[in-house]
Amino acid sequence: MKEILVSRAALKNNLGAVRARAPGLTLIGSLRSDAYGLGLIPAARFLYDEGVRFFAVESAGDAARLRAEGFSDVELLLTRSTSDPEEIETLLDLGAAATVGSQEAAVALAGIADRRGTVAEAHVRVDTGCGAYGFAPAEADSIAAVFQYMKGIAVSGLYTVYDPAASRKARHIQARAFGEVLDKLRAAKLETGLVHAAGSSVLLTDHGAKDPLPLFDAVRVGSALTGHISGRVSGRKTGLIPAARLISRVAEAGWRPAGAKPGGKRLKAAARVGIVPAGTADGLDVSVPPASRRALWAEFRRRWFSSGPVLRLADGKRLPLLGPAGPDFTAVRIDHLSVQVGDEVYADVNPIYCSGIPRRYTT
């Protein structure tokens, strides 16, 4: 039996780290990818209890689940531009805001809203170099047309996505391109609503820089809740701690002779070996792909000098690995420890890589 334990205390710490770096800004809870593996509904409930009243989702189905679970007084935004009539109808039924990232999406949204005799709320997305959705900065006139001529659309926000995998120089180029669009719209006396650009990864890795990126009105809080963010931290501490822990048990324990390779590492002498039925398919030793050559080298060094994930007993004692984690099991040496079949084993993991394993929230 395996499960993922999610620590509310760690979530609170991580949310606090974001809040400390974004004072006075609106927090948008990003719940994409099942809330980055934390679980859509429990993560939303945690954020709601912490005062977050704006959620971003990646599917109309997730928006419907949130409404069905009682989140009737929160703002919902689909952060994926869509021209699909069924999705648009669902968003209108739920009172959720759509993302408009192209002329086609604007026409589709306005047309359905007009037919229903209503006005659709939307945020306009500008693609400055990250993502598959959004108007190009050069399409400022087309963006303005959404504000001016699409009577079935009420624009309540404008946003872009800073690329967490890009260099700081590249992100500043993004910020300038977005700022130019923003300036053109405001020069035309258009009300842009809530303006946002940074996710929690960029917020935390950029914090303390001499020339910080503009954050505008809001920050999207996503992967930082898990304690795992992408991008380069440049040596600055983020204040995050891992929020998810994979729990498994020792499924087999026995002596193996010298020369045996129970986990891919040849034994020099006879040893008592334990088998933990958890591996890379369960999220062990899986990390975000390196975002740069520097990060790639750091990841190479980590894997060269470390044989795999850190597995510990319930009392915190580390279990020496006998080779890297396999897809579905990990072999550990236990002859120097009082370990029996059934003993609990845990490892800190990034929950987005732990699909199919039940989640349980703890204090």
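The values are calculated or read from the model by the stated rules, or taken from the named source; none is laboratory data. The model shown is predicted, which means the values in this text are computed figures rather than measured ones. Heads up, the Cβs are rebuilt from the backbone with ideal geometry, glycines too, and the neighbour counts pull from every protein chain shown. Surface areas here come from the heavy atoms of the whole protein model, side chains and all, with no ligands, DNA or RNA. Shrake-Rupley method; radii C 1.70, N 1.55, O 1.52, S 1.80 Å.
Selection of first residues in region 324-341 that are within 21 Å of Ala270 (Cβ to Cβ) and in a loop (DSSP other than H, G, I, E, B) and of second residues that are open to solvent by 60 Å² or more (accessible area, probe 1.4 Å) and acidic (Asp, Glu), restricted to Cβ pairs under 7 Å at least 6 apart or on distinct chains, gives the following pairs, ordered by first then second residue: Val341/Glu252.
From the list Ser30, Ser59, the lone residue that is touching a Lys or Arg at 6+ places or on another chain (Cβ under 8 Å), polar (S, T, N, Q) and in contact (Cβ under 8 Å) with a residue 60 or more places away in the chain is Ser30. Within region 1-16, the set of residues being surrounded by 20 or more Cβ atoms within 10 Å (Cβ to Cβ) and not in a helix (DSSP H, G or I) comprises Ile4, Val6. If we keep just the residues of region 139-157 that are in contact with a helix residue (DSSP H, G or I) (Cβ under 8 Å, 6 or more places away or on another chain) and not in a helix (DSSP H, G or I), which is surrounded by the fewest Cβ atoms within 10 Å (Cβ to Cβ)? Selected residue: Lys151. Consider region 80-99 and keep the residues that are in contact with a Lys or Arg (Cβ under 7 Å, 6 or more places away or on another chain) and hydroxyl-bearing (Ser, Thr, Tyr). The one that is most open to solvent (accessible area, probe 1.4 Å) is Ser81.
Just one of (1) open to solvent by 20 Å² or more (accessible area, probe 1.4 Å); (2) at pLDDT 95 or above fails for Gly131. It is (2).
Looking at region 113-123 only, could you name the residues that are part of a helix (DSSP H, G or I) and under 21 Å from Glu191 (Cα atoms)?
To start, the set of residues in region 113-123 that are part of a helix (DSSP H, G or I) comprises 113-116.
If the condition is that a residue be part of a helix (DSSP H, G or I) and under 21 Å from Glu191 (Cα atoms), then Ala113 is the only one that fits.
Filtered by the rule that a residue be in contact with a strand residue (DSSP E or B) (Cβ under 6 Å, 6 or more places away or on another chain) and surrounded by 24 or more Cβ atoms within 10 Å (Cβ to Cβ), region 198-221 gives Ala198, Gly199, Ser200, Leu203, Val219, Arg220, Val221. Of all residues in region 313-347, those that are of a type in the set (Lys, Arg) and under 14 Å from Pro277 (Cα atoms) total 0. Selection of region 108-127 for residues being more than 20 Å from Gly61 (Cβ to Cβ), over 25 Å from the mean Cα position of the chain (by Cα) and touching a residue at least 24 places away in the same chain (Cβ under 8 Å) yields Ala110, Gly111, Ala113, Asp114, Arg116, Thr118, Val119. Of all the residues in region 329-357, those that are loosely packed, with under 12 Cβ neighbours inside 10 Å and within 27 Å of Thr226 (Cβ to Cβ) number 1. For beta carbons closer than 9 Å, sequence separation of 6+ or different chains, a first residue in region 128-143 that is more than 15 Å from Glu180 (Cβ to Cβ) and touching a residue at least 40 places away in the same chain (Cβ under 8 Å) and a second that is outside any loop (DSSP other than H, G, I, E, B) and among the hydroxyl-bearing types (Ser, Thr, Tyr), the qualifying pairs are Tyr133/Thr99.
All conditions but one from (1) open to solvent by less than 50 Å² (accessible area, probe 1.4 Å); (2) more than 30 Å from Ile4 (Cβ to Cβ); (3) out of contact with any helix residue (DSSP H, G or I) (no Cβ under 9 Å at 6 or more places or on another chain) apply to Val107; the one that does not is (1). Criterion first (open to solvent by 50 Å² or more (accessible area, probe 1.4 Å) and over 17 Å from Ser200 (Cα atoms)) does Pro23 satisfy it? The answer is no for Pro23. Out of curiosity, is Ser102 over 19 Å from Ile41 (Cα atoms), hydroxyl-bearing (Ser, Thr, Tyr) and open to solvent by 40 Å² or more (accessible area, probe 1.4 Å)? Judged against the criteria, Ser102 is not a match. Criterion first (at pLDDT 95 or above and either among the charged types (D, E, K, R) or assigned to a helix (DSSP H, G or I) (or both)) does Ala110 satisfy it? Yes, satisfied.
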